[in-house]
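Okay, so here's the structure we're looking at.
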Amino acid sequence: MDADGLHLSLDYLGSSGVILSTEQKASLQNSLLLLKNREKFASVELWGKITGIQGEYFIAQGIGNDKLSDRKCHYSTDCRKWAQLPKLDDSARARALKVEGRFMGDASYEAEYIEPPVNSSDPHATGQTVVVREEDRLTAVVDAISHDVAVAPRGAYIKNPQEVVLRNRSFRGLSIAEASNLNSYFHFRPAEELDKKSLIQKANLDKAIDFLDCIEDDIPHVIS
């Protein structure tokens, strides 16, 4: 939710049980504005909150000119001071996602898990202990959630001739009929499946607005 209309957006979520104290609302409103000005962001959005055992993390995304690729995630434990989440390579992200259990609420906390031995046929082989900082795990989890569930309605964003993704100022929402169809929604992330479509499938696509993966094409993964 955009920081400029934070109070109103949080009130809408109140019916679902997502409630912040008056102090938290006021602190977020002021600190997000300071974050926007300090980092020279075009806008700042409150991504959400992750609750830990001893504390909680508030996540905000600073957005630059490109609304899709120019995003930086920050976190706060007190709604006042913000720190940027670190960048992770693929191997570090995979290790961080193997940590199980709840977050502690302390960014400096280090979690451990046992990596199974490579040679599993050796009865004397022991696993390796892997240490993961909670800050790194927070980055991996936020990225994973955003990758899977960040969704935008068709037409809300456009890609201009310079390949920059912008808000579509003429977008006024979906009709009732469109809102009930899965093909009216896209994953708000760089496209992963679009290039795999055939030329026939791409024939009716509008390059200006159909540059993302449609959620209608998702294949659910069954977890046994």
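The values are calculated or read from the model by the stated rules, or taken from the named source; none is laboratory data. As the structure is a prediction and not an experimental result, all values here were calculated from the model. Note: ideal-geometry Cβ built from the backbone for every residue, glycine included; neighbour counts use all protein chains shown. For the accessible areas, the whole protein counts, side chains as well, though only heavy atoms, and no ligand, DNA or RNA atoms are used. Shrake-Rupley method; radii C 1.70, N 1.55, O 1.52, S 1.80 Å.
Using a probe of 1.4 angstrom, how much of the accessible area of region 37-162 is carbon and sulfur, in percent?
48
What pairs in K36/K67; K25/K87; K72/K202; K72/K196; K72/K98 have C-alpha atoms more than 21 Å from each other? Walk me through the intermediate numbers first.
Details: K36/K67 15 Å; K25/K87 28 Å; K72/K202 31 Å; K72/K196 29 Å; K72/K98 24 Å.
Among K36/K67; K25/K87; K72/K202; K72/K196; K72/K98, the Cα-Cα distance tops 21 Å for K25/K87; K72/K202; K72/K196; K72/K98.
Per residue, how much space in cubic angstrom lies within the convex hull of the C-alpha atoms of region 1-91?
124
In square angstrom, what is the accessible area per residue of region 63-143 with a 1.4 angstrom probe?
Per-residue accessible area for region 63-143 comes out at 61 Å².
I need the peptides 55-61, 208-214, 101-107 ranked by packing, meaning the mean over residues of other C-beta atoms within 10 angstrom, with the highest value on top.
Most protected by this proxy first, the peptides run 55-61, 208-214, 101-107.
Gain in length, H7 to I176, computed as 0.36 nm per residue apart minus the alpha-carbon separation, to one decimal in nm?
58.1 nm
From the residues T129, P190, S170, which one has its Cα farthest along the dipole of region 116-224 in the positive direction, the dipole being from +1 and -1 charges on Cβ of Lys/Arg and Asp/Glu about the Cα centre?
Positive-end residue among those listed: S170.
Report the label-to-label distance for L199 and V131 in nanometres (one decimal), using points 7 Å from each Cα along the Cα→Cβ vector.
Modelled inter-label distance: 5.7 nm.
At a Förster radius of 35 Å, what calculated FRET efficiency corresponds to the Cβ-Cβ distance of R38 and Y113, to the nearest 0.05?
0.45
Residues with amide H under 5 Å of G48's amide H, sequence separation 5 or more or different chain, H placed in the peptide plane at 1.01 Å from N; which?
I59
Counting helices only, and only those DSSP H runs with n ≥ 4, report the 222 nm mean residue ellipticity of the chain as the sum of -39,500 (n - 2.57) divided by its residues, in deg cm²/dmol to the nearest 500.
-7500 deg cm²/dmol
In debye, nearest 20, what is the charge dipole magnitude of the chain about its Cα centre with +1 on Lys and Arg Cβ and -1 on Asp and Glu Cβ, if you could check?
Working: 27 positive and 34 negative charges, 167 e Å.
In debye, rounded to 20, the chain gives about 800.
Please name whichever of A179, L138, M104 sits farthest to the positive end of the charge dipole of region 90-186, dipole taken about the Cα centre and charges placed at Cβ: Lys and Arg +1, Asp and Glu -1.
Of the listed residues, the answer is A179.
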